[in-house]
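Step one of this worksheet: look at the structure below.
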Amino acid sequence: MSTIDRPGVVGTTHRDAVTKPLFWTKSRSTRIGDAVTYMIIAVMSIVILFPVFWMLSTSLKENSEVFLFPPRWVPKELLWENYPKALTFLPFGLYFRNTAIVTAMCVVGQLLSSPLVAFAFARLHARGRDALFLLVLATMMLPAQVTMIPLFMLFKVAGLVDTFVPLILPNFFGGAFFIFLLRQFFLTISPELADAAKIDGCGYFQTYSRIYLPLSKPALATVAIFTFMWTWNDFMGPLIYLNREQNWTLTLGLSRFRGIYGTTPWNLLMAASLVTVLPLIVLFFFAQRYFIQGIVITGVKG
Amino acid sequence: MALATRKSKMGTMARQEERTFYLFISPWIFGFLLFTAGPIMASLFFSFTFYDVVTPPRWIGIGNYTGLLADELFWQSLKVTALYAAGSVFLGIAASLFIAILLNRNIRGVSIFRTIFYLPSVISGVAVSLLFMWILNSDFGVVNFVLWKLFRIQGPTWLMSQTWVIPSMVFMSLWGIGGSIVLYLARLQGIPTELFEAAEIDGANYWRRLRSITLPLMTPVIFFNMLTGVIGSFQVFTQAYVMTNGGPNNASLFYILYLYRNAFRYWRMGYASAQAWIMFLILLVLTVILLRTSSRWVYYEAG
């Protein structure tokens, strides 16, 4: 084992602390390199975090203070009442509820369908399986815009435009990306477990639900989190399918906020934006490793 | 005799397994036929018709395609998208690779920095578009203030300038490179330490090791990033719709924005379908070209 240990792939915090060499045991040139590295990374971190800070700062300012030049970094007085003001000007509670319903249903749909399909591709033998799996992968390459117009017509003919159905329903038939991710994960589970279950009299579905699902909680969490993130942020879907304001989602409401107000009330707009992204930020901090895991397993950036 | 019964029994089990397989994947097959295969064929058909939703589609042959080739806005949208793709893919790869290499230097607190760099990728969409409209505001935006304060430069009008609107969006895309950083970092941490130790014994310094070991080993990820980056550029919609609505003077008329307008603003469904198919063909050709040339510069470990 080398003296300088390399950190593992994910979740290395505790290993860092144990195996990283202490600062003063490193050579001089390494120390200078480290110092420069820290400086560059620190400056970049500030640049990266600044927009989020600026969103918060602007959201707490008085309207005249927003347009001060030079800008005031921290508001003189923290105007928390901007938040109720921003959220009651438009029915944000309603948008929030709509977004939550659509997102929750999409997550449920993906969790019901994708793992089952992925299990079949990973563990059941059948003629045509590999060709079908290639087809699954091929659909990942297809740009959504190719099917967008006929899908719209389909839902229009079915009388489902201006409902949540077009946004939710497709999730109940498995997503190619998640099927791929879960299949990769299932393949890492020892097939002997499935064989043992079979001997104990478990059917295929029981093997799936009693052995594979409980062992795959991290992968299922990754699926849930990505579905959550994509649905919550989705703009084009709601824009195409939702008309009446009572059906609008947060992104749709937010995009109309500016037009309604005339001159842009940046403080209120930033308050509303922050409330919109807050669930994602909170989720990210609690479930960070599942985000990272999803990216690393599939190579897709989320 | 005993053997024969066992054989047929195996056959029954295999058949049962096969039936279960198709039963389990039936949701996907149903979804594929209804939401992918069917619409693909419908879209191909629409692209050869005049279709305004109100009246049934009318066959016009390749009229939509020839129409598009003569459509200035179509070429403009291609130009905008290509410019953005070139800028965001190239700068995105350079920046994320640079940060990943820095983060990989055995320093403490890597996971904290990784969290910071990944955070913006979580919050894409409308809220971020609004945030950058504010930051890039020409009169009260914080970017122009910093430019003035540090360099005494009068910043451009960014999103309101025909010249600067695409660079602005490229700049904004750099905020979301956290995903690539995580990918590069994972790959970097998978490089065996022995390679570096051997090179060090041979007298190779840090830069030499970076150029001769690290970068070649990173080429598969760089290649992957190029591919997804180009595809991603053809999907840009929210920013363009919310921030500039294609302006000023169509300088940010992204491909999908123009497609969206044709389909859902002007109800030219046939025309928009043809646009979607041309985009699909462009992406297919680009992918093939990238794959063909990749053997010359992408390093795959033997085996």
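The values are calculated or read from the model by the stated rules, or taken from the named source; none is laboratory data. Quick caveat: nothing in here was measured; it's all calculated off a predicted structure. All Cβ positions, even for glycine, are placed from backbone atoms using ideal geometry, and neighbour counts span all protein chains on display.
Residues in the range A:142-157: is at least one over 20 Å from the mean Cα position of the chain (by Cα), within 13 Å of another protein chain (Cβ to nearest Cβ) and outside any helix (DSSP H, G or I)?
The first filter runs over the range A:142-157 and keeps only residues over 20 Å from the mean Cα position of the chain (by Cα), leaving A:142, A:145-157.
Okay, now just the ones that are also within 13 Å of another protein chain (Cβ to nearest Cβ), so A:142, A:145-157.
Restricting the remaining residues to those that are outside any helix (DSSP H, G or I) gives A:142.
Yes, the range A:142-157 contains a residue that is over 20 Å from the mean Cα position of the chain (by Cα), within 13 Å of another protein chain (Cβ to nearest Cβ) and outside any helix (DSSP H, G or I).
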Taking the range B:42-52 on its own, how many of its residues are outside any loop (DSSP other than H, G, I, E, B) and either of a type in the set (D, E, K, R) or facing chain A (nearest Cβ under 8 Å) (or both)? 3
Out of the residues in the range B:188-218 that are closer than 14 Å to B:Ala100 by Cβ and touching a residue at least 60 places away in the same chain (Cβ under 8 Å), state the one that is nearest to the other protein chains (Cβ to nearest Cβ). B:Gln189
Hey, can you tell me all the residues within the range A:220-245 that are more than 16 Å from B:Ile256 (Cα to Cα) and among the acidic types (Asp, Glu)? A:Glu245
Just one of A:Phe185, A:Phe177 is assigned to a helix (DSSP H, G or I), of a type outside the set (A, V, I, L, M) and under 21 Å from B:Pro39 (Cα atoms); which is it? A:Phe177
Looking at the range A:238-254, which of the residues that are more than 11 Å from chain B (Cβ to nearest Cβ) and assigned to a helix (DSSP H, G or I) is surrounded by the fewest Cβ atoms within 10 Å (Cβ to Cβ)? A:Gln246
Given the condition closer than 18 Å to B:Ser47 by Cα, assigned by TED's automatic domain parsing to the domain that holds B:Leu195 and under 18 Å from the mean Cα position of the chain (by Cα), answer yes or no: does some residue in the range B:265-277 qualify? yes
Between residues in the range B:261-278 that are at positive phi and more than 7 Å from chain A (Cβ to nearest Cβ) and residues that are surrounded by fewer than 20 Cβ atoms within 10 Å (Cβ to Cβ) and not in a helix (DSSP H, G or I), which pairs lie under 6 Å by C-beta distance while being six or more apart or on different chains? B:Trp267/B:Asp52; B:Trp267/B:Val53
Residues to consider are A:Val117, A:Val107; find the one that is part of a helix (DSSP H, G or I), within 13 Å of chain B (Cβ to nearest Cβ) and under 25 Å from the mean Cα position of the chain (by Cα). A:Val117
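Is it the case that B:Gly31 is in a helix (DSSP H, G or I), facing another protein chain (nearest Cβ under 8 Å), at pLDDT 90 or above and surrounded by fewer than 16 Cβ atoms within 10 Å (Cβ to Cβ)? Before you say what the answer is, go through the steps one by one.
On the way: in a helix (DSSP H, G or I): yes; facing another protein chain (nearest Cβ under 8 Å): yes; at pLDDT 90 or above: yes; surrounded by fewer than 16 Cβ atoms within 10 Å (Cβ to Cβ): no.
Judged against the criteria, B:Gly31 is not a match.
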Checking A:Phe121 against (1) modelled with pLDDT of 90 or more; (2) over 30 Å from A:Tyr212 (Cα atoms), which single condition isn't satisfied? (2)
Are any of the residues in the range B:128-143 assigned to a helix (DSSP H, G or I), among the aromatic types (Phe, Trp, Tyr) and facing chain A (nearest Cβ under 7 Å)? yes
Which condition number does A:Pro75 fail, the rest of (1) loosely packed, with under 11 Cβ neighbours inside 10 Å; (2) at pLDDT 85 or above; (3) not in a helix (DSSP H, G or I) being met? (1)
Here are some conditions: (1) farther than 25 Å from B:Tyr271 by Cβ; (2) modelled with pLDDT of 95 or more. B:Arg6 meets all but one. Which one does it not meet? (2)
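Restricting attention to the range A:184-211, and to residues there that are closer than 24 Å to A:Met105 by Cβ and touching a residue at least 12 places away in the same chain (Cβ under 8 Å), which single residue is surrounded by the fewest Cβ atoms within 10 Å (Cβ to Cβ)?
As a first pass, look at the range A:184-211 and keep what is closer than 24 Å to A:Met105 by Cβ: A:185, A:205, A:208-209.
Next, from what is left, pick out any that are touching a residue at least 12 places away in the same chain (Cβ under 8 Å): A:185, A:208.
Values: A:Phe185: 22, A:Tyr208: 24.
The extreme case among them is A:Phe185.
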Number of the exception - B:Gly92 against (1) in contact with an Asp or Glu (Cβ under 9 Å, 6 or more places away or on another chain); (2) part of a helix (DSSP H, G or I): (1)
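Answer with yes or no whether A:Ser216 is at pLDDT 90 or above, surrounded by fewer than 18 Cβ atoms within 10 Å (Cβ to Cβ) and within 30 Å of B:Leu23 (Cα to Cα). Steps first, answer last, please.
On the way: at pLDDT 90 or above: yes; surrounded by fewer than 18 Cβ atoms within 10 Å (Cβ to Cβ): no; within 30 Å of B:Leu23 (Cα to Cα): yes.
No.
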For the range B:95-109, give me each residue that is more than 26 Å from the chain's Cα centre (by Cα) and not polar (S, T, N, Q). B:Arg105, B:Ile107, B:Arg108, B:Gly109
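Looking only at the range B:168-178, which residues are in contact with a Phe, Trp or Tyr (Cβ under 7 Å, 6 or more places away or on another chain) and facing another protein chain (nearest Cβ under 9 Å)? Lay out the reasoning, then the answer.
Of the residues in the range B:168-178, the ones in contact with a Phe, Trp or Tyr (Cβ under 7 Å, 6 or more places away or on another chain) are B:168-170, B:172, B:178.
B:Gly178 - this is the single residue of the range B:168-178 that is in contact with a Phe, Trp or Tyr (Cβ under 7 Å, 6 or more places away or on another chain) and facing another protein chain (nearest Cβ under 9 Å).
Being more than 7 Å from every other protein chain (Cβ to nearest Cβ) and either under 17 Å from B:Leu131 (Cα atoms) or touching a Ser or Thr at 6+ places or on another chain (Cβ under 8 Å) (or both) is the filter here; which residues of the range A:54-64 pass it?
Filtering the range A:54-64 down to residues more than 7 Å from every other protein chain (Cβ to nearest Cβ) leaves A:56-57, A:59-64.
Selection gives A:Leu56, A:Ser57, A:Ser59, A:Leu60, A:Lys61, A:Asn63.
Considering only residues that are small (Gly, Ala, Ser) and without any contact (Cβ under 8 Å) to a residue 40 or more places away in the chain, look in the range B:83-133 and name the one that is nearest to B:Pro216 (Cα to Cα). So that I can check it myself, show each step before the final result.
As a first pass, look at the range B:83-133 and keep what is small (Gly, Ala, Ser): B:85-88, B:92, B:94-96, B:100, B:109, B:111, B:121, B:124-125, B:127, B:129.
If we keep only those that are without any contact (Cβ under 8 Å) to a residue 40 or more places away in the chain too, we end up with B:86, B:94, B:109, B:111, B:127.
Working: B:Ala86: 22, B:Ala94: 14, B:Gly109: 27, B:Ser111: 25, B:Ala127: 38 Å.
The extreme case among them is B:Ala94.
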For B:Leu195, indicate whether it is modelled with pLDDT under 85 and in contact with a helix residue (DSSP H, G or I) (Cβ under 7 Å, 6 or more places away or on another chain). yes
